[in-house]
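Data block below; observations after.
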Amino acid sequence: MGETLVITSGKGGVGKTTATANIGAALANLGYRVALVDADIGLRNLDVVLGLENRIVYDLVDVVDGFCRLKQALIKDKRYERLYLLPAAQTKDKSAVSPEQMRNICDQLKEVNLSTEAGGAEYLDYIIVDSPAGIEQGFKNAVSGADRAFIITTPEVSAVRDADRIIGLLEAESLARPQLLINRLRPNMVRTGDMMDIEDTIDILAVSLLAVIPEDDRIVVSTNRGEPVVNNSSSLAGQAFMNAARRITGEEVPFLEMDGDRSFIRRLGQFFGLRGR
Amino acid sequence: MGFLDALFGRRKSSKQVAKERLQLVLSHDRMRIPPGILEPLKDDLIDVISNYIEIEESGITVEFDDSDGDTRSLVASIPVIGMRRDRR
Ligand SMILES: Nc1ncnc2c1ncn2[C@@H]1O[C@H](COP(=O)(O)OP(=O)(O)OP(=O)(O)O)[C@@H](O)[C@H]1O
Ligand SMILES: [Mg+2]
């Protein structure tokens, strides 16, 4: 049975769509069948980040309105064997879908047989919902069908504050124990004491850590090209997303050492029962 | 610079400042005092104060003031008509 994950943040522009695309591609690389759902209705972006913008025929709202079947709206990524996208509508707004309808879509996705062979049976392992920013209806839609929630933040005052608010709201949606992704960490600024480090951030938010993604210029390049960065083995952010994906599947993966946060990463490793270095 | 300053105890590093500010602001955010308690609180205040002082009930305002940044205060403005004679 598939599992629905949501990636959310509160504050806009901190990396939800980037994380959804890359963790999705990483899970597909690991052999899982994954559908990414763009819940940012009216401001769809996951299609361009994935480079699938020219393949869209139907979208999520078409499915909700009964204009097409769910399977027809799913776009299969040709570069990744097992990766699918359910795009958001670009012309509608958040009120075009209700939380109940969103939950239905997530539940139905778990039932879709992806096999193209007669008598074949292939089902999704993961559904990842890319949440819009904010705490309004778009957020409520995005989390309504989720089994597990992930919060992404940058190590900055405003983003962390908004993440805290979201953690409270997730509890109200009975999505307790969300896990944290810290994005755009700059090791050299951490070293000079000008950026909150991993320890500060999880200290304040009191949640467990899924992954730390460094600031990485390759993200910009990969977004330009519409190719997830996990494909690029020389990208530190790509490796960090790959590790995040493996941890989501339950694997224990040591945290990447980034200059400037060495001692903490080592302690963190021990904390999570991983081999220290 | 931030690093050297921190080393010589001249100034707190900006990350330390960020962390302290966040801890404070979140302690307030997390208090989440529901606005709905203000009405019954106001009624109770009127009852108690009226035992001592004659007040203009329609002019009363009771609200939280966060403008200080450090502390959240409960601010009540209660127009006074005069002492209650029967108390004396
Ligand atoms: N680790 C990173 N290093 C460098 N740039 C990054 C990183 N993560 C995200 N970005 C850039 O930050 C910008 C915002 O990212 P993204 O669109 O994923 O955020 P979002 O949270 O989905 O935004 P929105 O709230 O608008 O949906 C993009 O230009 C992206 O390329
Ligand atoms: Mg986005």
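The values are calculated or read from the model by the stated rules, or taken from the named source; none is laboratory data. On a predicted model such as this, the values are computed, not experimentally measured, just so you know. As a convention, Cβ positions derive from the backbone with ideal geometry for all residues, glycine included, and neighbour counts pool all protein chains shown. Keep in mind that these areas ignore ligands, DNA and RNA; they rest on the heavy atoms of the full protein, side chains included. Shrake-Rupley method; radii C 1.70, N 1.55, O 1.52, S 1.80 Å.
Which of the numbered conditions does A:Leu170 fail, given that it passes all the others? Conditions: (1) at pLDDT 95 or above; (2) in contact with a Pro (Cβ under 6 Å, 6 or more places away or on another chain).
Among (1) at pLDDT 95 or above; (2) in contact with a Pro (Cβ under 6 Å, 6 or more places away or on another chain), A:Leu170 violates only (1).
Does A:Cys68 count as more than 20 Å from A:Asn45 (Cα to Cα) and among the hydrophobic types (A, V, I, L, M, F, W, C)? Even if it seems obvious, please write down each step before you answer.
Details: more than 20 Å from A:Asn45 (Cα to Cα): yes; among the hydrophobic types (A, V, I, L, M, F, W, C): yes.
So A:Cys68 passes the test.
With respect to A:Glu100, is the statement that it is modelled with pLDDT of 95 or more, more than 20 Å from the chain's Cα centre (by Cα) and surrounded by fewer than 20 Cβ atoms within 10 Å (Cβ to Cβ) true?
Yes.
With the requirement that a residue be at pLDDT 95 or above, basic (Lys, Arg) and part of a loop (DSSP other than H, G, I, E, B), what does the stretch A:70-91 give you?
Within the stretch A:70-91, just A:Arg82 meets the criteria.
Considering A:Arg186, A:Arg165, A:Arg177, A:Arg148, which residue is of a type in the set (Lys, Arg), within 14 Å of chain B (Cβ to nearest Cβ), out of contact with any helix residue (DSSP H, G or I) (no Cβ under 7 Å at 6 or more places or on another chain) and touching a residue at least 12 places away in the same chain (Cβ under 8 Å)?
It is A:Arg186.
How many residues, within the stretch A:216-235, are within 9 Å of ligand 1 (Cβ to nearest atom) and crowded, with 17+ Cβ neighbours inside 10 Å?
Looking only at that region, the number is 5.
Just the residues that are crowded, with 23+ Cβ neighbours inside 10 Å and in contact with a Phe, Trp or Tyr (Cβ under 9 Å, 6 or more places away or on another chain), please, taken from the stretch A:129-145.
Once the filter is applied, which keeps residues that are crowded, with 23+ Cβ neighbours inside 10 Å and in contact with a Phe, Trp or Tyr (Cβ under 9 Å, 6 or more places away or on another chain), the stretch A:129-145 yields A:Ser131, A:Pro132.
Among the residues of the stretch A:1-28, write down those that are within 13 Å of ligand 2 (Cβ to nearest atom), more than 14 Å from chain B (Cβ to nearest Cβ) and open to solvent by 10 Å² or more (accessible area, probe 1.4 Å).
Of everything in the stretch A:1-28, those that are within 13 Å of ligand 2 (Cβ to nearest atom), more than 14 Å from chain B (Cβ to nearest Cβ) and open to solvent by 10 Å² or more (accessible area, probe 1.4 Å) turn out to be A:Gly12, A:Gly13, A:Gly15, A:Lys16, A:Thr17, A:Thr18.
If we only count helices (runs of 4 or more DSSP H) wholly inside the stretch B:1-56, which ones have 3 or more residues that are within 9 Å of another protein chain (Cβ to nearest Cβ) and modelled with pLDDT of 85 or more? Steps first, please.
Working: elements: B:2-7, B:14-31, B:38-50.
Where helices (runs of 4 or more DSSP H) fall fully within the stretch B:1-56 and carry at least 3 residues being within 9 Å of another protein chain (Cβ to nearest Cβ) and modelled with pLDDT of 85 or more, they are B:14-31.
Let me spell it out: the conditions are (1) in contact (Cβ under 8 Å) with a residue 60 or more places away in the chain; (2) of a type outside the set (Lys, Arg); (3) part of a strand (DSSP E or B), and A:Asn141 meets all of them except one. Which number is the exception?
(3)
Condition first: out of contact with any strand residue (DSSP E or B) (no Cβ under 9 Å at 6 or more places or on another chain) and either open to solvent by 20 Å² or more (accessible area, probe 1.4 Å) or in a loop (DSSP other than H, G, I, E, B) (or both). Can you find one or more residues in the stretch A:146-156 that meet it? So that I can check it myself, show each step before the final result.
Here is the first cut: in the stretch A:146-156, the residues out of contact with any strand residue (DSSP E or B) (no Cβ under 9 Å at 6 or more places or on another chain) are none.
No, the stretch A:146-156 has no match at all.
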